[in-house]
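A.B. asks: This is the structure I have questions about; it appears just below.
Please treat every number below as a calculation from the coordinates, not as lab data. All figures in this text were calculated on a predicted structure; none of them were measured in a lab. When we count neighbours, we look across all protein chains shown, and the Cβ atoms used for this are built from the backbone with ideal geometry, even at glycine.
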Amino acid sequence: MAKIKRKSAVPVPKAKPIQPVDDDSGSDYEVDRHMTLTKVPKTVAEEFPLPKQVRKELVKRTTKVSESEESSEEKEDDDDVNLPTLTKGQIADILQTIKNNKRLVLNVSNVNFSTSKEEIEEHFRKAGRVKSVRIPKKRASGFAFVEMLDAEGFQKAFLLHGSYLDGRQIRVQLSESGKKKSHQKILQLEKKNAEIRKMRKKNRAKPEAKEVTLVPKVQPKVVERDPYLDKKKTKPPTKKEIKAYKKKTSLKAKFRNVALKGIKV
């Protein structure tokens with residue numbers, strides 16, 4: 001029998017381990033294979049969670065505090081709106097601190113960009129006579145400057161603080177004449193306006209400030225009376241009064257007739 005030669009088994013090369021290739025491309029999609037993940041330490045709240053009832057109570061308390069803060073802010077805004085104006089003496093003291101105190105200028109903020117000068121002038125005529133209205137051309141927010149003609153209108157104009165003009169609630173504050181104002185002047189005006197708010201809050205107890213309103217006082221009309229047509233109507237005499245009057249007249253007539261005849265009584 002012919003011997004079958006066995007083919008020698010070809011040695012198979014061993015697979016080499018894949019080594020990481022150093023690539024300096026720095027792409028975000030490559031992940032380092034040798035990176036070991038570290039556990040994030042838990043917080044105290046996660047390790048020891050509070051019971052559900054305590055959590056609910058804490059949420060209720062936080063909501064109540066937030067609502068109270070919002071309500072207090074709204075009350076402050078309402079207090080600023082419903083304050084009385086300044087007295088004449090207070091306005092005189094404020095005008096002494098201003099350089100050009102002959103010009104009574106007010107700063108009106110939160111004005112709609114579409115409102116015109118005529119509309120602002122009509123709104124401030126409720127307080128008194130308006131001398132001029134100036135709206136700056138370059139402005140980041142809606143504001144304007146209103147100059148009143150006299151101190152009486154300047155006094156009443158503070159009552160328009162919080163009123164609505166063209167769908168917006170405007171703010172009326174003290175200002176000074178002049179186009180450009182330095183940073184120091186702006187800070188001084190802010191301090192003065194803060195003082196004015198305090199003074200107006202104190203004026204709640206002063207009747208002088210409460211009497212000043214935007215509603216004009218209606219004076220009663222004096223009607224001239226006719227002395228003949230507007231005489232008071234007298235009551236008609238009674239029967240007793242008529243009889244007594246007739247007796248008196250009859251006695252007077254008798255005495256007259258006797259005197260005419262020359263008879264002495």
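A.B. asks: Using θ = phi - 60° and the Karplus relation 6.51 cos²θ - 1.76 cosθ + 1.60, list the HN-Hα couplings for the stretch 198-209 in order, rounded to whole Hz, with x at every Gly or Pro.
C.D. replies: Couplings: 4, 5, 5, 5, 5, 6, 5, 8, 9, x, 4, 6 Hz.
A.B. asks: Could you work out how much longer the chain between residue 135 and residue 113 gets when fully extended? Use 0.36 nm per residue separation minus the Cα distance between them, nm to one decimal.
C.D. replies: 6.9 nm
A.B. asks: With a cut-off of 8 Å between alpha carbons and a minimum separation of six or more residues, what is the relative contact order of the stretch 116-265 in percent?
C.D. replies: Normalised by residue count, the contact order of the stretch 116-265 is 13 percent.
A.B. asks: Now a separate question. As I understand it, the dipole of the stretch 80-156 uses +1 on the Cβ of Lys and Arg and -1 on the Cβ of Asp and Glu, about the Cα centre. Which of 98, 84, 154 lies farthest toward its positive end?
C.D. replies: Positive-most Cα among the choices belongs to 98.
A.B. asks: Right, next: What percent does the relative contact order of the stretch 73-178 come to when contacts are Cα pairs within less than 8 Å and at least six residues apart?
C.D. replies: So the answer I get is 36 percent.
A.B. asks: Which distance in Å, rounded to a whole number, links the C-alpha centroids of the stretch 93-169 and the stretch 192-217?
C.D. replies: 18 Å
A.B. asks: Trypsin sites (Lys or Arg not before Pro), restricted to the stretch 196-255: which are DSSP loop and have at most 14 other Cβ atoms within 10 Å?
C.D. replies: Sparse-neighbourhood loop trypsin sites (Lys or Arg not before Pro): 217, 221, 225, 231, 232, 233.
A.B. asks: Taking a 29 Å limit on the Cα-Cα distance, which of the listed pairs 117/180; 117/185; 102/221 fall beyond it?
C.D. replies: 102/221
A.B. asks: Please compute the volume of the convex hull spanned by the alpha-carbon atoms of the stretch 130-265 and report it per residue in Å³.
C.D. replies: Normalising the Cα hull of the stretch 130-265 by residue number yields 331 Å³.
A.B. asks: Determine the alpha carbon to alpha carbon distance for each of 99/192; 137/191; 99/198; 137/181 and list only those over 25 Å.
C.D. replies: 137/191
A.B. asks: Could you give log10 I(q)/I(0) at q = 0.22, 0.23, 0.26, 0.27 Å⁻¹ for the stretch 142-197, computed by the Debye formula over C-alpha point scatterers of equal weight, without solvent?
C.D. replies: Result of the Debye calculation: -1.06, -1.13, -1.27, -1.29.
A.B. asks: Nothing charged except the Cβ atoms of Lys and Arg (+1) and of Asp and Glu (-1): what's the magnitude of the dipole of the stretch 112-259 about its Cα centre? Round to the nearest 20 debye.
C.D. replies: 1440 debye
A.B. asks: Over the stretch 106-168, what relative contact order in percent results from Cα pairs under 8 Å that are six or more residues apart?
C.D. replies: 42 percent
A.B. asks: Further, regarding this structure: Going 7 Å from the Cα of residue 185 along its beta-carbon direction, which residues of the stretch 121-157 have the amide nitrogen within less than 15 Å of the resulting point?
C.D. replies: 136, 145-146
A.B. asks: Same structure again: Gain in length, residue 198 to residue 101, computed as 0.36 nm per residue apart minus the alpha-carbon separation, to one decimal in nm?
C.D. replies: Extra length available between residue 198 and residue 101 comes to 32.8 nm.
A.B. asks: Something else: Compute the distance in nm between two label points, each set 7 Å from the Cα along the Cα-to-Cβ direction, one at residue 238 and one at residue 254.
C.D. replies: Calculated label separation equals 2.6 nm.
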